[in-house]
Each structure stands twice: as C-alpha cells, then as structure tokens.
Amino acid sequence: MTSPAAEPAASRRPSARTAPAPPPTAPRRRTGGAVWTALAIVYVVWGSTYLGIKIVVETMPPFLSAAGRFVVAGLVLAALVAWRRGPGALRAAPRQLAGAAVVGLLLLLGGNGLVVLAETTVPSGLTALLIAVVPAWVVLLRRASGDRPGRGAYTGVVLGLAGLAALTLPGLSGAVHIAGVLTVIAATALWAVGSFSSSRIPMPSDPFAASAYEMVAGGLGCAAVALLRGEHRGFSLAEVSARSWSAFAFLVVFGSLIAFTAYAWLLHTAPLSLVATYAYVNPVVAVLLGALVLGEALTWPVVLGGAVVVTGVCLIVSTERRGGSPRTDPPTGPPPLPAPAEWSRADDAPLHGGQTTGAGRGPTVCTEAATPTPSEGPGSAR
C-alpha cells in the first residue's frame, strides 16, 4: 500500500459523484449558568432603572440629572473603548458624528429626558408599562416606510395600544397625571423614531464608539434644555440627598456599563430568542420594584393594562424572530463595553429600548438604550 503522498495526483481528486462537504454550522449557543447570570443582571438592573430615575428626581432637577448621567457614562465608555481598542476606534467622519448626534438627541434627550421629566409626577411602574409600547411604534414606522411586518406584529400593535388606553384613561386606571402620561407617550414616539433612524443615517463604524458619541450628544442636549428651563437656578449640590446620589451612581455604573456589558456578551453567547425576553420582563420588574420599594399603587387596571401591553410586545418580538425581519428593540440603557474578546458585530440583534441595529454598526444607545432598543425603551437608557 502506498502512502497518500506517493499516490498519483489524479487518484486524490474528488470523484464527480462525491457529495459536496456540508457548509460549516454556526457554533451552538450556550444556556449555562453564566448565561442565566448575565440574563438576570439585564432583567433586574434594566428593570430597576425606572425606580432609579424616580429616586434621582426626588432631589435632583430632571434634565440636569440626565445630562450628568449621560455625559459621564459617555466619557467613561469612550475611555474604555480607546483603552481596549485604541484611539483609532473613536475616529469618525463628520457626517457619521452628525448622525450619532441626531440619534443621541432623539433617544436620550427626546426619549429618556422626557421620561425623567415625566417621573416627577408619574409612578415608575406605570412609566415602564407605557414605555413597553415602543416596539409597536417601531412596527408602524416600518409599515410607513414600505416594510411589511407579519400579521402577528399588527396584532401586537393593537394589543399594545389597547393596553396603553387601559393605562392612561382616567376612568380605568384611577387618578392619572395626564400631562406626565402624555410626556411619556411623546418620549416613546421619539425613542422609536431615533431607533428607526439609527440604521438609515451615517453612523460611526464602531458600534460602541457610536454609543459613546450618542450619550455625550444626548447629555449635552439635556444640559441645554435644563439651562433653558432654569433648573440651575436655586439648585445646590448640597441639597441632593444621599439616596439620590446613590441612585445616580447606580444608573451610571450598573445601568450604563455593567448591565449593557452583560447584554453585549449575551448577544454573542445565548440564543437571541432568549436574550429578547428582557423586552417583556423589564416592565414587570419595574412594576414590582415600584410597588415594593416606593409603595406605588398596584391596581387591577394597571395590572390588566400592563399584561395586555406586555402580551403585545411578546407577540411582536416572537413574530419578528420567526419572520427574520428587522427586529424592534428597547432599550433603555446606554451601551456598554462589550465582553472581553467578543467585540464583533451584533447586527440585527435585539437591543434594549426599542432599538434596531444598523448594518455593520451594531447596537446604538439603549441607555436606558438601542430593539425588539432595544424595551425597554427610553427608561433603559440608563
């Protein structure tokens, strides 16, 4: 018997009848203990950001507190990106910087900034349930642009709007601060527009650099609004309670950095259908924490309306997954530093707060966020 090296070249050619080698299969995604731990972090931390915002605005002006949070988180994220990937990762063309600034203003000033303002009068749990309707707005925007979401998505929109009515009509949900509720609804619309636009305008090529620019731009926008509103007049840092400072630090460190880092790792490790469940778990966590920590009323109309909204979001997310169409996001919170060696693309992945990813760009802020933005809508822009 001759060795393979000594065989004639012809004998080593594959036969014409030889079946082609099967294409390489994608590595199977794990659902071990580390995955469940990271998922628990996303569930609890992002779900608790609404509570954190409520505590912050007890003694801090709404837009000033949001400005400080986003600017600090954005600068820290930019420094981490430069440290891990080099200063070149932050390089972007003027048009890309402008695109990141527009998205940041829509998501963080229009979306999260209005949520912070609304939480001066609206309970944190109700705010989270109202924000859960963001994916429904994204579906409508997609339809207006020529996309054709599946029937399940439209059914989810109808359910979401019905739940929204149950939560906002004074006769159904009791005493409602209508101005605050309308502010939250306006925030969800602006968040959806920002999420929808993020994949259609020029953006920095590095997704985490883009998130840092968005946070800084959104934070500066919040600062400008705070100055126009005169929030700085009569405000003294000495008057801020330790409770508000603790909540502020929690939103920056845990909401903007740690939770999103866990989320980025999940996008590369766990099944996307599992990761997307944060979109309907976060509002439930927010309602429970609001009732347990702040003693917020948990009436049956709120429970029923919230259940209808969450069911609608679940239907939209599951329909998007099956159809393979662009996903609606939510989400809340500002993007984080991705997991160590997992700095690869996350295109088409569900994001916090109703966000979507752009081709080759990965997640945009979902601080509080980027869809199934990913839900976690504006509030997650933590």
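The values are calculated or read from the model by the stated rules, or taken from the named source; none is laboratory data. Please read all numbers here as calculations on a predicted model, not as lab measurements. Note that each Cβ is placed from the backbone with ideal geometry, even for glycine, and that neighbours are counted across all protein chains shown. Note: accessible area is taken over every heavy atom of the protein model, side chains too, but ligands, DNA and RNA are not part of it. Shrake-Rupley method; radii C 1.70, N 1.55, O 1.52, S 1.80 Å.
Please give the contour-minus-distance gain from residue 44 to residue 143: 0.36 nm per residue of separation, less the Cα-Cα distance, rounded to one decimal in nm.
Computed gain between residue 44 and residue 143 is 32.4 nm.
Evaluate the distance, in nm, between pseudo-label points positioned 7 Å from the Cα of residue 227 and of residue 179 along their respective Cα→Cβ axes.
According to this spin-label approximation, the distance is 2.5 nm.
What figure in square angstrom, to the nearest 10, would you give for the accessible area of residue 258 with a 1.4 Å probe?
Roughly 70 Å² of residue 258 is accessible to a 1.4 Å probe.
Please report the accessible area of residue 76 (heavy atoms, 1.4 Å probe, ligands and nucleic acids excluded) in Å², nearest 10.
50 Å²
Sorted by accessible area with a 1.4 angstrom probe, largest first, how do 95, 143 fall?
Of 95, 143, the descending order of accessible area is 95, 143.
If you keep only loop residues by DSSP, which trypsin sites (Lys or Arg not before Pro) in region 28-79 have at most 10 other Cβ atoms within 10 Å of their Cβ?
Qualifying residues, ordered by number: 28.
With a 1.4 Å probe and all protein chains in place, put 168, 127, 261, 37 in order of accessible area, largest first.
Ranked from most to least accessible, the order is 37, 261, 168, 127.
At 7 Å along the Cα-to-beta-carbon direction for both residue 253 and residue 120, put a label point, then send me their distance in nm to one decimal.
Roughly 2.8 nm, to one decimal.
Show 167, 227, 90 ordered by accessible area, largest first, where the area counts protein heavy atoms only and the probe is 1.4 Å.
Correct descending sequence by accessible area is 227, 90, 167.
With labels modelled as points extended 7 Å from the Cα through the Cβ direction, what inter-label distance (nm, one decimal) is found for residue 82 paired with residue 297?
Result: 5.1 nm between the two label points.
Which residues in region 35-67 have a backbone N closer than 18 Å to a point placed 7 Å from the Cα of residue 245 along the Cα-to-Cβ line?
In region 35-67, the label zone of residue 245 (backbone N under 18 Å from the point 7 Å along Cα→Cβ) covers 53, 55-61, 65-66.
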